[in-house]
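Notes follow the structure.
The values are calculated or read from the model by the stated rules, or taken from the named source; none is laboratory data. Keep in mind the model is a prediction, meaning the values are calculated, not measured. Ideal geometry is used to build each Cβ from the backbone, glycine not excepted, and the neighbour counts take in all protein chains shown. When the accessible area is computed, the model is the full protein with side chains, heavy atoms only, and any ligands, DNA or RNA have been set aside. Shrake-Rupley method; radii C 1.70, N 1.55, O 1.52, S 1.80 Å.
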Amino acid sequence: MLNEIYDAAGLTEKERSQMPSYIEGEDEFYGSGAYDKLYEYFAFEACEMPYGIAKARTGDPDSWILEYLEEHA
């Protein structure tokens, strides 16, 4: 499941290898290339991210992405 998401979002091998440390909270996800690609994917391509979260009004997009990925791992 995660590989399909990473493929669809266009993550590089390096970005994929960094994802576990982002999910575990060991490294800063926000502002990374992986964040940018996954945000674009979830907010505009797959349209799975709620609008309020995408606009950072009702939640943080970076937290939403990491929680989503953790749930679907």
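Summary of values
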| read-out | value |
| --- | --- |
| Counted residues, region 22-32 - those being in a loop (DSSP other than H, G, I, E, B) and surrounded by 16 or more Cβ atoms within 10 Å (Cβ to Cβ) | 2 |
| Looking only at region 54-73, and only at residues there that are in contact (Cβ under 8 Å) with a residue 60 or more places away in the chain and among the hydrophobic types (A, V, I, L, M, F, W, C), the one that is least open to solvent (accessible area, probe 1.4 Å) | LEU69 |
| Looking only at region 4-16, and only at residues there that are open to solvent by less than 50 Å² (accessible area, probe 1.4 Å) and without any contact (Cβ under 8 Å) to a residue 24 or more places away in the chain, the one that is farthest from TYR68 (Cα to Cα) | GLU15 |
| Answer residue from region 16-53, given it is among the charged types (D, E, K, R) and closer than 17 Å to HIS72 by Cβ and is nearest to the chain's Cα centre (by Cα) among those | LYS37 |
| Matching residues in region 42-73 - criterion: being of a type outside the set (D, E, K, R), closer than 14 Å to MET1 by Cβ and either touching a Cys at 6+ places or on another chain (Cβ under 6 Å) or in a loop (DSSP other than H, G, I, E, B) (or both) | ALA46, HIS72, ALA73 |
| Only listed residue being touching a residue at least 40 places away in the same chain (Cβ under 8 Å), among the hydrophobic types (A, V, I, L, M, F, W, C), under 19 Å from GLU71 (Cβ atoms) and open to solvent by 60 Å² or more (accessible area, probe 1.4 Å), chosen from MET19, MET1 | MET1 |
| Qualifying positions in region 33-53 - surrounded by fewer than 13 Cβ atoms within 10 Å (Cβ to Cβ) and in contact with a Lys or Arg (Cβ under 9 Å, 6 or more places away or on another chain) | TYR51 |
